[in-house]
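The values are calculated or read from the model by the stated rules, or taken from the named source; none is laboratory data. All of these numbers come straight from a predicted model, not from anything done at the bench. As a convention, Cβ positions derive from the backbone with ideal geometry for all residues, glycine included, and neighbour counts pool all protein chains shown.
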Amino acid sequence: MTIHKEGYPTLLLFFIVLSIINSTVYYLFNPFSTATILLSIVFYLFLISFFRKPDRSVTIPDNSLLLSPCDGKVVVIEKVFEPEYLKSDCIQVSIFMSPLNVHINWFPTDANVIYSKYHPGKYLAAWNPKASTENERTTVCYETNNKKILLRQVAGALARRIVCYAVSGKMFKQGDEMGFIKFGSRVDLYLPLDTDIKVNIGDKVAGNRSEIATI
């Protein structure tokens with residue numbers, strides 16, 4: 001397991017900040033220095049864990065299976081109208097990512113990206129139904145097997161930065177990294193109505209491992 005490239009700037013920043021805090025406490029409030037050091041170590045270990053990058057390589061690609069684009073818990077499965085790009089009825093599957101989950105996002109199938117757009121917005125709790133349309137988010141739509149699949153990275157109350165590698169006109173393979181969301185968030189999938197959903201609300205899923213649907 002390694003550290004994701006998106007984590008290095010944050011880890012360096014907090015290393016400097018925590019070093020300054022601990023030095024200040026040591027020289028000005030020495031009796032509290034031990035407690036401050038211990039708390040700093042715990043917090044920094046959490047940051048390292050948050051930016052971990054496990055090996056999630058897809059060993060046997062199968063483009064008929066839609067793999068989970070992230071780690072987390074399935075919180076929504078419902079028929080909705082997608083107004084931004086598809087402009088049609090779809091099945092929405094939403095996965096909530098807690099701060100303890102791996103926060104890398106992957107392409108669930110081979111993908112020919114036809115649309116990618118970033119939207120600034122609010123920072124409502126990620127489980128709020130309005131988060132999909134009002135929060136900071138990035139919408140990516142791609143074609144595979146003659147079908148359009150839309151993914152939406154949604155920021156949460158703690159998530160303040162969405163990173164998306166999807167570029168319109170570019171091809172990606174199943175399991176390629178699509179992006180990264182920092183500190184709590186969700187990923188919404190908008191799938192064709194004839195998609196065979198293989199998960200239920202409450203299921204815990206693992207990115208590039210769990211089967212979400214059959215296309």
Q) (1) in the same structural domain as residue 144 (by TED's automatic domain parsing); (2) in contact (Cβ under 8 Å) with a residue 24 or more places away in the chain; (3) farther than 17 Å from residue 207 by Cα; (4) acidic (Asp, Glu): which one isn't true of residue 78, the others all being true? A) (2)
(Q) Condition first: outside any strand (DSSP E or B) and within 19 Å of residue 215 (Cα to Cα). Now tell me which residues in region 61-109 satisfy that. (A) 61, 62, 63, 64, 68, 69, 70, 86, 107, 108, 109
(Q) I'd like the full set of residues that are hydrophobic (A, V, I, L, M, F, W, C) and crowded, with 16+ Cβ neighbours inside 10 Å, limited to region 198-207. (A) 199, 205
Q: Answer yes or no: is there a residue in region 48-60 that is of a type in the set (Gly, Ala, Ser), under 22 Å from the mean Cα position of the chain (by Cα) and not in a helix (DSSP H, G or I).
A: yes
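Take residue 187 and tell me if it is part of a strand (DSSP E or B) and β-branched (Val, Ile, Thr).
Against the criterion (part of a strand (DSSP E or B) and β-branched (Val, Ile, Thr)), residue 187 qualifies.
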